[in-house]
1. Is it the case, given these coordinates, that residue 57 is more than 19 Å from the chain's Cα centre (by Cα), surrounded by 14 or more Cβ atoms within 10 Å (Cβ to Cβ) and at pLDDT 90 or above?
2. Exactly one of (1) part of a loop (DSSP other than H, G, I, E, B); (2) closer than 29 Å to residue 28 by Cα; (3) at pLDDT 80 or above is unmet by residue 52. Its number?
3. So which of 43, 26 is under 19 Å from the mean Cα position of the chain (by Cα) and modelled with pLDDT of 90 or more?
């Protein structure tokens, strides 16, 4: 691998250590994480102090998490369809709180004209259902001549 300018080789170990360092920097100080069916989905953070109106204080990528002030009351809205809401979330000092979206839902799988299979997994990562779509041509040639 090259350094982007073609002058110097960068070893796999160097690249992995750089990625590990970037990950550690991004996780530094985060104390609220949302486990969602869409890990790259967006969550909204609302301050919900008792007796006061809700006040939006930020948005974040669910799986990456965010930092909140300990001992304050928050509401977290995970922007799924429908929106999933966690009410009265309070993070204690030196605690990392992980909110997990659970519940019944449905999945819509749109098969194109490609050959592929879709597997739905249970909470243990085992295959629960499998759906296949075989490629079919848009027209059928006439071989009877």
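The values are calculated or read from the model by the stated rules, or taken from the named source; none is laboratory data. All values derive from a computational prediction rather than experimental measurement. Ideal geometry is used to build each Cβ from the backbone, glycine not excepted, and the neighbour counts take in all protein chains shown.
1. Against the criterion (more than 19 Å from the chain's Cα centre (by Cα), surrounded by 14 or more Cβ atoms within 10 Å (Cβ to Cβ) and at pLDDT 90 or above), residue 57 qualifies.
2. Unmet for residue 52, out of (1) part of a loop (DSSP other than H, G, I, E, B); (2) closer than 29 Å to residue 28 by Cα; (3) at pLDDT 80 or above: (2).
3. That would be 43, the only listed residue that is under 19 Å from the mean Cα position of the chain (by Cα) and modelled with pLDDT of 90 or more.
One line per residue, one yes/no per condition, for (1) modelled with pLDDT under 90; (2) in contact with a strand residue (DSSP E or B) (Cβ under 7 Å, 6 or more places away or on another chain):
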residue	(1), (2)
85	no, yes
99	no, yes
102	yes, no
105	yes, no
116	yes, yes
121	yes, yes
